[in-house]
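The values are calculated or read from the model by the stated rules, or taken from the named source; none is laboratory data. Note that this is a predicted model, so its numbers are computed, not measured. Here Cβ is always computed from backbone atoms with ideal geometry, including for glycine, and neighbour counts include all displayed protein chains.
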Amino acid sequence: MHLSTGKGLHLSDPDLWLDPRRPQAFAFISHAHADHVARHEAILCSPVTAHLLQVRYRISRDRMIIQEFHEPRRWENFCCTLLPAGHIAGSAMLHIVDENTGASLLYTGDYKLRPSRSVETATWMKAQTLIMESTFGLPLYVLPPAPVIEAQLCDFVRETIADGSTPVLLGYSLGKAQEIAAILDAHQLPYLNAPSVAKMTEACRAAGLALSAAETWQTDIPPGYALIAAPQILRHSDYARIPRARSAMMTGWALHSSSRYRYGCDAVIPLSDHADYPDLLRTAEIVDPQKILTVHGSTRELAASLRAKNFNAWSHYGDDQLEFPL
Ligand SMILES: [Zn+2]
């Protein structure tokens, strides 16, 4: 098994790309967020991702090799297993073993360790090589415990309604929006969904996820209701139709003090679908690899933090290869 990193992550044997940006002959798509999707000739993905690729990007199922979680599949001497990544509906990690040599690799894609209300919790297999995302790979990214984040969200909704205003909860229409809805359901707070959110929620339900039916925002928002919408609504004329709107963005970047101004919203709440810094470090301990490659985000900084914990970790971009531990 050989991994090259020049134009993306490519395994030359088996001939497989990992979330490539450009169309390739054969690629693993970890999940259906736009930055991971391209029109490859053949696509390896989970059943839920297959459904979302079809609905969201009109990609034909004929191109897909659909593999259930936890069910190993053999290609020649390779054994591939997809594992839930806990990021969004259908998100998968890929574990590959070369049965001739015993070499093993785990590619995380986008993931998070902590359980969520709308997607399956991540599960793990040990591997000799770990390729892990590092979106929040700086020590400042420590998310509060989940109950604290949920309380922040519910307090924002209740206080906004008590003030006679309409809470507008902002998150990506695929993933974050369904998590917001599941939290509101759990706390019996009523809400409507912007049409783009409702479409994705219904696609997730059709793919088998246990989510409430999405009630869609048509004209009015009844008093006492919140609205779940994608962040783009702030720049849309629809936003002006909402009586006394107050917006809150759900994002891990809320841990930056300036984020509220950057997003141009009234509040930010640190609800994330990525692993925070402590969980990134914990991932390395769980997988116990001999080598780690960090991809996306603070790759160089996370690799340095992992080396300080005696892992053989390097940035995918190769800009730290001249550093050696003493
Ligand atoms: Zn993603």
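Assigned by TED's automatic domain parsing to the domain that holds P14 and either more than 16 Å from the ligand (Cβ to nearest atom) or polar (S, T, N, Q) (or both): does that describe L113? Answer is no for this residue. Return a yes/no flag: does region 262-271 have any residue that is away from the ligand (no atom under 16 Å from the Cβ), among the acidic types (D, E) and in contact with a Lys or Arg (Cβ under 7 Å, 6 or more places away or on another chain). There is at least one residue in region 262-271 that is away from the ligand (no atom under 16 Å from the Cβ), among the acidic types (D, E) and in contact with a Lys or Arg (Cβ under 7 Å, 6 or more places away or on another chain).
Taking the condition within 16 Å of the ligand (Cβ to nearest atom), touching a Cys at 6+ places or on another chain (Cβ under 9 Å) and within 25 Å of L106 (Cβ to Cβ), does A32 pass? Spell out the reasoning first.
Details: within 16 Å of the ligand (Cβ to nearest atom): yes; touching a Cys at 6+ places or on another chain (Cβ under 9 Å): yes; within 25 Å of L106 (Cβ to Cβ): yes.
Answer is yes for this residue.
Give I292, I269, I286 a once-over and let me know the one that is surrounded by fewer than 21 Cβ atoms within 10 Å (Cβ to Cβ) and of a type in the set (V, I, T). Being surrounded by fewer than 21 Cβ atoms within 10 Å (Cβ to Cβ) and of a type in the set (V, I, T) holds for just one of I292, I269, I286, which is I286.
Only a single item in (1) under 15 Å from L280 (Cα atoms); (2) touching a Cys at 6+ places or on another chain (Cβ under 7 Å) is not met by L170, and it is number (1).
Checking the structure you have, find out if any residue of region 74-82 is in a strand (DSSP E or B), away from the ligand (no atom under 16 Å from the Cβ) and farther than 19 Å from I131 by Cα. Yes, region 74-82 has at least one match. Within the option set I66, I161, I96, being within 30 Å of A226 (Cβ to Cβ), at pLDDT 95 or above and not basic (K, R) holds for one residue only, I161.
Considering G86, G109, G90, the condition of being in contact with a strand residue (DSSP E or B) (Cβ under 7 Å, 6 or more places away or on another chain) and under 19 Å from V37 (Cα atoms) is satisfied by G109 alone. Is it the case that S12 is without any contact (Cβ under 8 Å) to a residue 24 or more places away in the chain, away from the ligand (no atom under 16 Å from the Cβ) and either more than 23 Å from the chain's Cα centre (by Cα) or not assigned by TED's automatic domain parsing to the domain that holds P289 (or both)? Yes: the conditions hold for S12.
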